[in-house]
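Before any comments, here is the structure.
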Amino acid sequence: MNLALRQVLRSQTFRLCDRFTHRNLPKQIQITSTCPVIQFRNYCEEKVETKILPQLMEFPPIVWPSFMKFIKNWMFANFIIRPYFEQEFNLHEFIEASKHAVQVVSDALQRSDFKALEDIVEKDAISALKTAVSKLSVSQRQLLAIEKDDIFYAFPYQVGIMFDDSDKRWVEITMCYHVLRGLKHMKETGDLPPISLGVQPEYQDKIFILNYRFIREFTKGVEGSWWVNIVNHFQPHTLKKLQ
């Protein structure tokens with residue numbers, strides 16, 4: 001699957017409950033027991049926490065596009081990348097191809113199959129993701145897998161071009177995806193969500209924001225391929241809580 005995905009990326013665009021305390025007891029009863037203190041687990045709070053997906057990597061969360069970056073991205077794509085790096089580059093096609101990468105990577109993360117990531121995610125990122133996923137509960141891991149057809153909005157937040165003293169050059173594209181889990185099924189059944197779904201309580205736990213950063217070397221004479229070096233999944237309505 002990864003081989004097929006890499007071929008798609010290369011061919012597209014760049015090739016891309018309150019706790020119990022002693023206050024609950026009548027005041028006239030004195031607590032004289034020497035038994036060890038029993039800690040009560042707050043299952044209500046724990047149940048809520050399993051619905052919150054922490055950020056997977058240390059990276060500033062991106063939710064909305066920047067107008068200034070949009071102009072800059074367009075200029076980089078049309079006046080630098082296409083003329084000098086890849087004449088067949090098409091940003092729209094790259095966006096569509098990157099959704100396949102999101103589906104493959106997120107599915108592997110849910111299964112904790114880090115071996116499957118070795119052909120598409122950089123080693124340092126895999127190491128960070130292993131640590132993050134190991135801290136998630138089973139319920140939280142089930143929130144990781146994303147179907148590309150559940151992505152209802154995707155945009156390149158930033159297109160960057162990097163050079164070094166030895167004339168090596170790279171292109172880096174930071175993508176943002178807005179996801180509504182179950183959207184594909186809703187479309188198939190004709191039960192489409194309302195436009196105001198972002199403020200509807202019944203949809204808040206189903207909306208996710210994904211930040212993925214892709215990088216590829218474009219040094220002359222080097223046949224580079226796209227790698228993912230940032231992977232972040234989070235829920236916008238819990239962003240303030242996580243901070």
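The values are calculated or read from the model by the stated rules, or taken from the named source; none is laboratory data. Small disclaimer: the values here were computed from a predicted structure and weren't measured. Cβ placement follows ideal geometry from the backbone for every residue including glycine, while neighbour counts extend to all protein chains displayed. Heads up: the accessible areas ignore ligands, DNA and RNA and are worked out on the full protein's heavy atoms, side chains in. Shrake-Rupley method; radii C 1.70, N 1.55, O 1.52, S 1.80 Å.
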- prompt: Which condition number does Pro26 fail, the rest of (1) modelled with pLDDT under 95; (2) under 24 Å from the mean Cα position of the chain (by Cα) being met?
  reply: (2)
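Give me a count of the residues in the stretch 170-193 that are among the charged types (D, E, K, R) and touching a Gly at 6+ places or on another chain (Cβ under 9 Å). Don't jump to the end; show me each part of the working.
Going through the stretch 170-193, the residues among the charged types (D, E, K, R) turn out to be 172, 181, 184, 187-188, 191.
Within this subset, residues satisfying the condition of being touching a Gly at 6+ places or on another chain (Cβ under 9 Å) are 172.
Final tally of qualifying residues: 1.
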message: I need a count of the residues in the stretch 223-243 that are modelled with pLDDT of 80 or more and open to solvent by 70 Å² or more (accessible area, probe 1.4 Å).
response: 2
message: Among the residues of the stretch 172-183, are any of a type in the set (S, T, N, Q) and open to solvent by less than 20 Å² (accessible area, probe 1.4 Å)?
response: yes
task: Please indicate, with yes or no, whether at least one residue in the stretch 195-205 is in contact with a His (Cβ under 9 Å, 6 or more places away or on another chain), closer than 20 Å to Leu53 by Cβ, surrounded by 15 or more Cβ atoms within 10 Å (Cβ to Cβ) and modelled with pLDDT of 95 or more.
output: no
